[in-house]
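Below you'll find the structure, written out as structure tokens, and then a few comments.
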2 protein chains.
Amino acid sequence: MYLAMVYVTLKPTVNDPQGLTIQGALHTLGFGSVKSVRAGKYLEIKLDGKTQAEASDTVQKMCRQLLANPVIENFRFEMEEIK
Amino acid sequence: MYLAMVYVTLKPTVNDPQGLTIQGALHTLGFGSVKSVRAGKYLEIKLDGKTQAEASDTVQKMCRQLLANPVIENFRFEMEEIK
């Protein structure tokens, strides 16, 4: 069994209203040192696979097909073996 | 300037309908090897600070006050210095 930690972020040129809202709220709370906030998604996926390479390949396909929107988002992931 | 990478995840005992929906969609797409999906948030925050310890302390406070709901969510973060 493998655990994939998937990070999906908006591409740098894409406007991020959620991040801007969080930034505004942090400023309101007195955190004036905050210069920018970008919001993204974090997914923890447990999956079976014969080898780590095979599981990694599966996660890559899942990201391309469903988890990330390739037009506006980037993704990266890390894998580790779990019991 | 520092970059904080903040991961906010639901506590393990909390029901995660978003994760279950993603898991269902992955199964429908033919990824039957997926055993579980947990959805969380990922934030990239750029902030000023005199030292990394000070910036880290600020991020800790931001997480407690706004970014994570301590009743149902856990958070962790990594810091790195950027130009």
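Here are some notes:
- Test for A:T21: is it surrounded by fewer than 18 Cβ atoms within 10 Å (Cβ to Cβ) and of a type in the set (S, T, Y): yes
- For B:E54: the one exception among (1) at the interface with another protein chain (Cβ under 7 Å from one of its Cβ atoms); (2) surrounded by fewer than 16 Cβ atoms within 10 Å (Cβ to Cβ): (1)
- The lone criterion from (1) open to solvent by 60 Å² or more (accessible area, probe 1.4 Å); (2) within 20 Å of the chain's Cα centre (by Cα); (3) at the interface with chain B (Cβ under 9 Å from one of its Cβ atoms) left unmet by A:E80 is number (3).
- Test: residue in segment B:40-59 that is in contact with a strand residue (DSSP E or B) (Cβ under 9 Å, 6 or more places away or on another chain), in a helix (DSSP H, G or I) and among the hydroxyl-bearing types (S, T, Y): yes
- From the list B:Q18, B:Q23, the one residue that fits, being farther than 19 Å from A:E78 by Cα and polar (S, T, N, Q), is B:Q18.
- Within segment A:27-51, considering residues that are over 25 Å from B:A68 (Cβ atoms) and open to solvent by 50 Å² or more (accessible area, probe 1.4 Å), the one farthest from the other protein chains (Cβ to nearest Cβ): A:T51
- Flag if B:A4 is within 19 Å of the chain's Cα centre (by Cα), open to solvent by less than 30 Å² (accessible area, probe 1.4 Å), within 8 Å of another protein chain (Cβ to nearest Cβ) and over 16 Å from A:M5 (Cα atoms): no
- Residue within segment A:8-18 that is part of a strand (DSSP E or B), in contact with a Lys or Arg (Cβ under 6 Å, 6 or more places away or on another chain), within 16 Å of A:V71 (Cα to Cα) and open to solvent by less than 50 Å² (accessible area, probe 1.4 Å) present: yes
The values are calculated or read from the model by the stated rules, or taken from the named source; none is laboratory data. This is a predicted model, so every value here is computed, not measured. So basically every Cβ, Gly included, is an ideal-geometry build from the backbone, and we count neighbours across all protein chains shown. With ligands, DNA and RNA removed, areas are computed over all heavy atoms of the protein, side chains included. Shrake-Rupley method; radii C 1.70, N 1.55, O 1.52, S 1.80 Å.
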